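The values are calculated or read from the model by the stated rules, or taken from the named source; none is laboratory data. None of these values were measured; they are calculated from a predicted model. Note that each Cβ is placed from the backbone with ideal geometry, even for glycine, and that neighbours are counted across all protein chains shown.
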Amino acid sequence: MGTYIGQSVKRREDARFLKGAGKYTDDIKLPKMTHSAFVRSPYAHAKILSVDISTAKNADGVVAIFTGSDGCNAFGIPTGWQVDFKNGDTMREPKHPLLAIDKIKHVGEAVAIVIAETQAQARDAVQLVEVEYEELPCVTDPEKAMAKGAPQVHDEWTDNRSFDWCIGNDRADVEAAIAGAHHVTEMEFVNHRLAPNAIEPRSYIADYDVNADKYTLYTSTQNPHLIRLLMCAFTLGIPEHKVRVISYDVGGGFGSKIYHYSEEALLTWAAKEVGRPIKWTSDRSEAFLTDAHGRDHKVYAKMGFDKEGMIVGFLADEFCAMGAYLSTFAPAVPTYLHGTLFQGLYTTPLIHLNVTAPFTHTVPVDAYRGAGRPEATYLLERIVSKGAKEMNIDPAELRLKNFIAPFDGVKQPGYQTQVALQYDSGDYHTILKKGLEKVGYDDFRKEQAEARKNGKLLGIGISTYIEACGIAPSAVVGSLGARAGLYEVGHVRIQPTGKVSVFTGAHSHGQGHETTFSQFVADKLGIPMDDVDIIHGDTEHVAFGMGTYGSRSLAVGGSAIMKSIDKVLEKGAKIAAHKLEAAVEDLEYAEGKWTVKGTDKSIGFGDVALTAYVPHDYPEGVEPGLDFSSFYDPTNFTYPFGCHIAIVEVDADTGKVVIKRFVAVDDVGNVINPMIVDGQIHGGVVQGIGQALLEEVVYDENGQMISGSYMDYAMPRADDVPMIETDRTTTPCPHNPLGVKGAGEAGAIGSTPAVVNAVVDALHHLGVTDIQMPVTPQRVWKAMQQN
Amino acid sequence: MIPAKFDYKKVSSISEALELLAKHGDDAKLLAGGHSLIPAMKLRLNQPEILIDISQIAGMNTIKMDGDEIVIGANCTHHQILTSDVVKQNAKMLTEVAKMIGDIQVRNRGTIGGSLAHSDPSADWPASVLAADAKIEVEGKSGERTIAATDFFQGIFTTALEDDEIITAIRFPKIADGNYQKFFQSASRFAIAGVAVIKFGGKVRVGVTGVSDTPYRASAVEAAYDGTSSAAALAVDGVEVMSDHFAGEEYRSHLAKVLVKKALES
Ligand SMILES: Cc1cc2nc3c(=O)[nH]c(=O)nc-3n(C[C@H](O)[C@H](O)[C@H](O)COP(=O)(O)OP(=O)(O)OC[C@H]3O[C@@H](n4cnc5c(N)ncnc54)[C@H](O)[C@@H]3O)c2cc1C
């Protein structure tokens, strides 16, 4: 704990957000700005026979209309991660045009952009563009996409695979262990597709300044530098120093705003063509049809146990949809962010995952809160609980038995998994026991038995998880196919008056960085928080950055800032030593001043800063100024872990599930702001509950998304969730300076299997062993009928 | 989400509205609370050239007793009905129905007349309008008439209302022993099934919404009612049951029976 670290300081960004004074892209109005709207395909798979813009072109207010043949498609949208086939063949990477050229590959794919004086005029003219299509058969299910004779998404290949992939031990060894196991638990299910639903829809404004030959793109992104890099180096082939990308306030992303989307590139390209700024803001219907989705795995899995209930082998085969094109990080999600988590918290000696990643006639799939890790956790935690039921062992006991022993990563080494990772530190037994105690596990079992006598269906579900955050180091991710590094940049500028501007490459879109980052910067410098400003989201201000996703901001971005603070203090000490006429070694820094040890001689941080900028009386050989930028490339991932427990009641008449209690005990390493961490957990848990009970993207056989609005896509609402009871254990990360692990995704990773395990537990005595998510009333009722 | 271009005219009397309706025909749409019409316009599923705003017509937004009947003006919002003492004292069931519609914003704008005219197969009001045997008062070019609830609903978004007619009020009898049960669709929170049961002199009238593309009176249940809830098994007799990804035919039928049973037992 410091003055600020460990305190639930109120979020400073809320002052503007709560007053409706946030600065989102759509709030920005540039002089002479035009508006745009897209002509989008109503078909999932179709030939474009003709596009007739002659009427639309002459409609009121229309400035320009572009189609796929107008020069925007020279390169196409790249993907940022390459996962090659098991046999070494290169990943199949289809060209992803900004506007469809001759073929449509998913409903909502853009065919033309209309640019007009007002948004209404743009939309009116969209209705006047006449496109003639020839509809073709489509496939939206990743397993069916691999069937013989399935409709082909990209004609240049002979089947729909983008790649296949495997990880872990030799398949034959794993199969043999399972074949010889005392008990084998099997599962087949769909980890269904989700729409990300950030509250702020995607929004872009592109502007081209002909005199300076410079572009500015305002965009609702989680990583402005990455967008600039991808757009300049790949999509448009324009010089990077001629492009400024700005992303001020962003209203949530959950992954969906990491990616480089065709609309932002097209606007940037078109802004030069029309010589005026162009804005586009997605509406909710477009968001459903075009924001990258999450999950969509078909899973077949087996887990073998010995007589004592020890796991002896774990094998899974999965079909993981890529969608119509490869979104920015799509190939990494069901592979390196998924298979690497198959160890979970268990000592499983033999593990193998085989992934087939097909294209489907759907919007692309990419990372969505948790990205691959919720899918891994769901499978592990369901199959372990299912195994426990089948072997008649208590699910908590089975977990405790199979857990990896505690290790701190300092005295004890990290834990080497069968699936490439080395866990940093963890104490899994303690966290599960804490969860069980908090929920009152033993008492609940009595209550449950009593309730059953009265026909009341109560269930409890346990889920324990580990996740890998702050994906790194760059050399390793590069060897795994990443086309970018995964370091972060932290720039600390001490102003002459001792006030501090911190420029970070991380990007806040709901995480509260302005508060959390200021807290630790102020503490480390021993100055008031009000003296610290956090600046992000502008490529012109921040040297570089990889943005925010994968719970990386504090662990990676915070560490980069820490490196710069160290440099500030090191240089400051030289200046202080000069002013105090002492040796650097004789100084100590605390509470914002350097003091000569054992004396009352000291100089404050502000005085040193002023001296650095007004270097009249100054140490020799030291440069003026107090301004440092650092790149931090972590040595490892961080590994938060936790235990989530849900208690549910199922209505026997209707199958409706009500969550009565939800306990989340998480270990995210050191905590800077407990309130913000709790908020992240709350949000994540609600999203996880959403997946478990409510949310589902549904396509019909024609590739139409029949869940494309809030009338048909069920988001969790306040009355769908109970009060979330949070608690923590703290196992500091041994390899970063703040000892932090990451908290952004934990809630969404741990919660989903807890809820489904609880529902199955409530119905187990009726013969129910599994229910497909989302566990809707209809599915629960059907499961009860079948038994 | 921007609607296509349209004209807007606010009227202050029924006759003015009828005149405009006659003049513009199919190009015109009446606007009450706008909570069904405006979303459809924003999605450009509906592109009227002129909106005739009837929400401020005097006399169409009051709730009063007329002898033994409760007369609810078509422009009364769900919130008005929810908070009306007249309704609470004479037909408590309607208070309960209003409470279950949408959220506070929806209840503050949406009207009972708009809901009935729109005739969404999953809307709440039709169940109780049917169970109560309410009368729908309308006015058109050719004068005023009253449509019986059982004649009013004709199909998905289709009613007995003529193109040139306006619903002016809904006339409910007093409801002493009524009960509304709703199973919420988890996304829209409309009714996957909604059942209103009114008991009187040993008999029942049962109105069902959400289950079929036309709300209906469960006459098989009414005929077989024996004071217990066993007749609930007949809830979907002779009815074509809707199906969607929230509730297929089998589950929806089951829900209808469960809700009829609950309503009969309450
Ligand atoms: C988020 C949301 C949630 C909702 N949830 C529910 C729910 O749970 N249950 C439920 O039942 N409904 C629900 N609704 C619908 C709501 O009750 C609507 O307000 C209602 O269905 C229509 O009433 P309105 O006054 O808004 O009509 P408008 O939208 O103004 O009009 C609807 C249609 O009726 C016509 N019309 C309106 N008034 C008259 C009249 N007096 N005479 C003739 N024609 C007329 C209009 O021309 C139009 O065609 C919901 C709506 C929203 C937006």
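Points worth noting:
- Given (1) more than 14 Å from chain B (Cβ to nearest Cβ); (2) surrounded by fewer than 20 Cβ atoms within 10 Å (Cβ to Cβ); (3) hydrophobic (A, V, I, L, M, F, W, C), number of the condition A:Ile115 does not satisfy: (2)
- Answer residue from the stretch B:28-45, given it is within 8 Å of the ligand (Cβ to nearest atom) and part of a loop (DSSP other than H, G, I, E, B) and is farthest from the other protein chains (Cβ to nearest Cβ) among those: B:Ala32
- In the stretch B:104-117, of all residues being within 14 Å of chain A (Cβ to nearest Cβ) and in contact (Cβ under 8 Å) with a residue 12 or more places away in the chain, the one that is nearest to the ligand (Cβ to nearest atom) corresponds to B:Val106.
- Listed by first and then second residue, the pairs with beta-carbon distance under 6 Å, at least 6 apart or on different chains, first residue in the stretch A:533-560 and assigned by TED's automatic domain parsing to the domain that holds A:Ala746, second surrounded by fewer than 24 Cβ atoms within 10 Å (Cβ to Cβ), form an empty list.
- Residue satisfying all of: in the stretch A:444-468; under 33 Å from the mean Cα position of the chain (by Cα) and modelled with pLDDT under 95; farthest from A:Arg552 (Cα to Cα) among these: A:Glu467
- Among all residues of the stretch A:665-674, there is at least one that is under 23 Å from A:Gly512 (Cβ atoms), away from every other protein chain (no Cβ under 13 Å) and part of a helix (DSSP H, G or I).
- Yes/no for B:Arg189 being of a type outside the set (S, T, N, Q), within 16 Å of the ligand (Cβ to nearest atom) and within 30 Å of B:Ser13 (Cα to Cα): no
- Cβ pairs under 8 Å, 6+ apart, first in the stretch B:162-191 and at positive phi, second modelled with pLDDT of 95 or more and surrounded by fewer than 22 Cβ atoms within 10 Å (Cβ to Cβ): B:Arg189/B:Gly102; B:Arg189/B:Asp103
- Note on the stretch A:105-185: enclosed strands (runs of 3 or more DSSP E) holding 3 or more residues that are hydrophobic (A, V, I, L, M, F, W, C) and touching a strand residue (DSSP E or B) at 6+ places or on another chain (Cβ under 6 Å) are A:110-116, A:161-168.
- Inclusion of A:Val685 among residues that are within 14 Å of chain B (Cβ to nearest Cβ) and crowded, with 24+ Cβ neighbours inside 10 Å is not warranted.
- Of all residues in the stretch B:88-102 being more than 7 Å from the ligand (Cβ to nearest atom) and not aliphatic (A, V, I, L, M), the one that is nearest to B:Glu69 (Cα to Cα): B:Asn90
- Here is the figure for the stretch B:119-135: residues that are away from chain A (no Cβ under 14 Å), within 7 Å of the ligand (Cβ to nearest atom) and surrounded by fewer than 24 Cβ atoms within 10 Å (Cβ to Cβ) total 0.
- Of the strands (runs of 3 or more DSSP E) lying entirely inside the stretch B:166-263, those containing at least 3 residues that are under 16 Å from B:Val129 (Cα atoms) and within 14 Å of another protein chain (Cβ to nearest Cβ) are B:191-200.
- Filtered by the rule that a residue be more than 20 Å from B:His79 (Cα to Cα), near the ligand (Cβ under 9 Å from one of its atoms) and away from chain A (no Cβ under 14 Å), the stretch B:46-64 gives B:Pro48, B:Leu51, B:Ile52.
- A:Gln691 vs. criteria within 14 Å of chain B (Cβ to nearest Cβ) and surrounded by fewer than 20 Cβ atoms within 10 Å (Cβ to Cβ): no
This table checks each residue for (1) buried (at least 24 other Cβ atoms within 10 Å of the Cβ); (2) in contact with a strand residue (DSSP E or B) (Cβ under 9 Å, 6 or more places away or on another chain); (3) farther than 27 Å from A:Ile706 by Cα.
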site: A:Val250; (1), (2), (3): yes, yes, yes
site: A:Gly255; (1), (2), (3): yes, yes, no
site: A:Ile258; (1), (2), (3): yes, no, no
site: A:Thr268; (1), (2), (3): yes, yes, yes
site: A:Val274; (1), (2), (3): no, yes, yes
site: A:Gly294; (1), (2), (3): yes, yes, no
site: A:Tyr300; (1), (2), (3): no, yes, no
site: A:Met303; (1), (2), (3): yes, yes, yes
site: A:Lys307; (1), (2), (3): no, yes, yes
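- Lone unmet requirement of (1) more than 14 Å from the ligand (Cβ to nearest atom); (2) among the hydrophobic types (A, V, I, L, M, F, W, C); (3) in a strand (DSSP E or B) for B:Val138: (1)
- Restricting A:Gly481, A:Gly498, A:Gly537 to those that are crowded, with 18+ Cβ neighbours inside 10 Å and at pLDDT below 95 reduces the list to A:Gly481.
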